[in-house]
Each structure stands twice: as C-alpha cells, then as structure tokens.
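Q: Structure incoming, see below.
The values are calculated or read from the model by the stated rules, or taken from the named source; none is laboratory data. Worth saying up front: this structure is predicted, and the values here are computed from it rather than measured. Every residue, glycine among them, receives a Cβ derived from its backbone with ideal geometry; neighbour counts consider all protein chains shown.
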Amino acid sequence: MNRQAVLIFVLAPAAVVQAAAQEVHVDYDHGCAFSRYKTYAWEQPQPQRPPSSRALFPNQLMQERIIRFVEEALAAKGLARTETGADVLVAYEVKVSEEPQFTTYADSMGPGWGWDNWGCCGWSGAWGGSWGTVSTTTTEIIRLGTLVINLTDSHQKQLVFQGLSTAAVSSKAEKNIKRLQKGVSEIFEKYPPQKKG
C-alpha cells in the first residue's frame, strides 16, 4: 500500500465525522411567559412538496417517529396534548439540502537526501534535503437534514419558540433515528428558555 492510500484511509474517517456533526440552535420570544403554557395541539400540516427522484426523507415511518419524540419531550416538560383549546400549537418541518464537501489529501514524497562534491565517504560531506508534496482534492456530496420545530401561541398566533437541529442524512435508518431523537432532545433541553440575568 503506498503512502497516498494510507493517508486517504487515515483522513477519510475524520471527514465523515466532520460531516456528521450535529448542530442545535433555538430562538424564542424574550418577552414570553412560557410558564403559562400547559397544553399543546398539533398544527394542521402544510401540504408537502412532492419528493424528488432521490430517496424520500423523512418517509412516513420517520415522520411518525419525529412526532413521538416531540410528544415525549413535551410531556417531560409538563405539557399535555389536547385536541381543543390548546395553549400552543406545535409544528415541524424537515428540510434536506445537498452540500459539497471538499477534502484535500497531501502525500509527502519524503526527503531527497544528497551529498556535496566530496562524495558519500568524504570527511566534510554535507547533508541537504528537500520535500516534495502532491495534493489531491476530492468532492463528495453530503445530504444535510434540518429539523425545524415551531411552538406558536394559539391565542396570539405568534411564534414563541423555534428549535433547529441539523445533521447529515444517512442511508441507514437506524442512524437517522438516533440523530433525530438526539436533535429533538437537545432542542427541548433549551425549553423553556432560561432568561439570562
């Protein structure tokens, strides 16, 4: 195996980890008294655009899991689901984008050692060295999924809390389930928002 192959083998996992890094952000109405919210209902879903020719994400099974994860998180925060007269309306959306990821591999050809004009066995031989480097850049398309969860005050019709979780979309359902569950959990760790003194 040549040096370049070894470098690719070593660097590739790092690129995958970087692509799979999960980010969570929240925004909220800083003047809202979240303690008054005790019940929630699901907002009527908006018509979805037809899926592209690529793999559908999230499929119906994954959508049901998202709903379950959100309901479990809300129950843990003391909110009860109701069909009428809810304090807040809950909605979610998943957006999938394709982003290019560039990875550059550098392969050092090693030092080029030489001798002066005395030859290798002379008394005053001097060493000199130089490095040669070959770089290769590859492009890989990474599918990123962003889960957006909105909580809207049902009486004022005003968005009061929004959470976003972004992670790479895997071809394996098990990985996507874990990422979605983690995303929902981390969003609701920040609910209700703690106002900074």
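Q: From Ala86, Ala76, Ala106, which residue is over 19 Å from Leu159 (Cα atoms) and either charged (D, E, K, R) or modelled with pLDDT of 95 or more (or both)?
A: Details: Ala86 fails: over 19 Å from Leu159 (Cα atoms); Ala106 fails: either charged (D, E, K, R) or modelled with pLDDT of 95 or more (or both).
Result: Ala76 is the single residue among Ala86, Ala76, Ala106 that is over 19 Å from Leu159 (Cα atoms) and either charged (D, E, K, R) or modelled with pLDDT of 95 or more (or both).
Q: For segment 55-82, which positions are touching a residue at least 24 places away in the same chain (Cβ under 8 Å) and not in a helix (DSSP H, G or I)?
A: Matches in segment 55-82: Ala55, Phe57, Pro58, Lys77, Gly78, Leu79, Ala80, Arg81, Thr82.
Q: Just to be sure, is Val26 modelled with pLDDT of 95 or more and in contact with a Lys or Arg (Cβ under 8 Å, 6 or more places away or on another chain)? Talk me through it step by step, then tell me what you get.
A: Details: modelled with pLDDT of 95 or more: yes; in contact with a Lys or Arg (Cβ under 8 Å, 6 or more places away or on another chain): yes.
The answer is yes for Val26.
Q: Of the conditions (1) at pLDDT below 95; (2) assigned to a loop (DSSP other than H, G, I, E, B); (3) surrounded by 14 or more Cβ atoms within 10 Å (Cβ to Cβ), Arg49 clears all except one; give me its number.
A: Only one criterion is unmet by Arg49, namely (3).
Q: Further question on the same structure: Scan segment 86-95 and give yes if some residue there is part of a strand (DSSP E or B), among the small types (Gly, Ala, Ser) and within 17 Å of Gly183 (Cβ to Cβ), otherwise no.
A: Scanning segment 86-95 turns up at least one residue that is part of a strand (DSSP E or B), among the small types (Gly, Ala, Ser) and within 17 Å of Gly183 (Cβ to Cβ).
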